[in-house]
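Undergrad: Structure in structure tokens, see below.
The values are calculated or read from the model by the stated rules, or taken from the named source; none is laboratory data. Note that the coordinates shown come from a computational prediction; the quantities given were computed from them, not determined experimentally. Neighbour counts run over all protein chains shown; Cβ positions are idealised from the backbone, glycine included. Surface areas here come from the heavy atoms of the whole protein model, side chains and all, with no ligands, DNA or RNA. Shrake-Rupley method; radii C 1.70, N 1.55, O 1.52, S 1.80 Å.
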Amino acid sequence: MNVTLAVKQYISKMIENSGPGMKVLLMDKETTSIVSVVYTQSEILQKEVYLFERIDSQSRDNMKHLKAICFLRPTKENVENLIQELRRPKYSVYFIYFSNVISKSEIKALAEADEQEVVAEVQQIITKEYELFDFRKTEVPPLLLIMDRSDDAITPLLNQWTYQAMVHELLGLNNNRIDLSRVPGISKELKEVVLSAENDEFYANNLYLNFGEIGTNIKNLMEDFQKKKPKEQQKLESISDMKAFVDNYPQFKKMSGTVSKHVTVVGELSRLVSERHLMEVSEVEQELACQNDHSSASQNVRRLLQNPRVSELDAVRLVMLYALRYERHSSSILPSLMEELNRKGVSERHRRMVTSMVEYGGKRVRGSDLINPQDAVAITKQFFKGLKGVENVYTQHAPLLQETLDQLIKGRLKDSQFPYLGPSSLRDR
């Protein structure tokens, strides 16, 4: 299911139900974020929504020529703000939509506040919680697989090398926005950029590609831009020249923004990879996750902990991986590595996380054989190269989920690990 598309359709339905005419979208803090993720401002303007307001804002003006579409969570605070709004309505009519169920008593309170009868409609987008699990009927009934994160504590600790994952991990992506204000020498217009697969073709096409390929594709994007750029800068000597320029300018401007944005993002990712020695860190992470050479792993982890350019977070994650991998090894050097963290200046809070991680995802609590040394011989390192200075390395590790799903499809899941509940006909299909 495409959640973004589903939410977009819900919001579109709200707007359509209000009919033609100028509209204001009245939201709370959370629903504002939801709408901003699924709609661009230009898209929603085309649906005659010309104003966006917060229900808790005290500085809104009376605009009786606008219809209000209220998209709110059914919290006590929102209901109270809406009651106050209806007692002194600022808009001509109100279409009210809650993101979840609302009590009858709150519905009654809203009705009593609507003395001027401005409410045209009240709806709950999710009318009953059980509908969340009301799957469409298919020829073969769906099968629900329930897993525990503690079965595989290794995968979340590894550095990732695909575009979307690196953006999340190294830069942070919040409501499709990246804060680049701390990037050295960043221009004002690029201090915050939007990355959305819905509205950015380059991002959509490169979400899951490795970093080396992204470097190559950025180079190709730049070359395409440079080819088109001179044509737009030719002299405008005739009406047809001017018309051609006006027709092509929006596309040219959009491409220019796309190039600037992704060159900046990839450039900052590359800087962080180099600054934090992430390729060396990732190599050792993969060795810990996939291979069975304790002597080599011990030396490499210690070497990186002594490197001042390896960040506190990366150092702690390396020790966590070592602790999970060689938890019961007779020659474990975990106490020594904890001392290295202390000498490196890692906070006590972060050092305690190593023990917490073993308690959470160690052999004692794991329900599956997360680490299988016999498979290590068959693993081949994958090494990708793109642009000079942009390398994506060491993607040996495959999450436990991949193997579990494969075993599920083949009907080979062990009852001891995954007890089955349901009709035998479904299990034997």
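Undergrad: Going down the list LYS13/LYS47; LYS29/LYS108; LYS47/LYS188, which pairs span over 22 Å between their C-alpha atoms?
TA: In this structure, LYS29/LYS108; LYS47/LYS188 lie more than 22 Å apart at Cα.
Undergrad: Quick one: which of 74-84, 104-114 comes out on top by average Cβ neighbours within 10 Å, and what's the full order, highest first?
TA: 74-84, 104-114
Undergrad: Continuing with the same structure: For the peptides 87-96, 405-414, what is the packing order when you average, over each peptide's residues, the other Cβ atoms within 10 Å and list the highest mean first?
TA: 87-96, 405-414
Undergrad: Packing-wise, with mean Cβ within 10 Å as the measure, how do 309-317, 334-342, 24-32 rank, highest first?
TA: 24-32, 309-317, 334-342
Undergrad: Could you order HIS397, HIS168 so the one with the most accessible surface comes first? Probe is 1.4 Å.
TA: HIS168, HIS397
Undergrad: Which trypsin sites (Lys or Arg not before Pro) does the range 158-225 hold that lie in a coil by DSSP with at most 11 other beta carbons within 10 Å?
TA: In loop regions of the range 158-225 (DSSP not H, G, I, E or B), the sparsely surrounded trypsin sites (Lys or Arg not before Pro) are ARG182.
Undergrad: So if I take the centroid of the Cα atoms in the range 326-342 and the same for the range 162-228, what is the distance between those two points in Å?
TA: 39 Å
Undergrad: Next up: Protein chains only, probe 1.4 Å: how do ILE146, ILE69 rank by accessible area, largest first?
TA: Correct descending sequence by accessible area is ILE146, ILE69.
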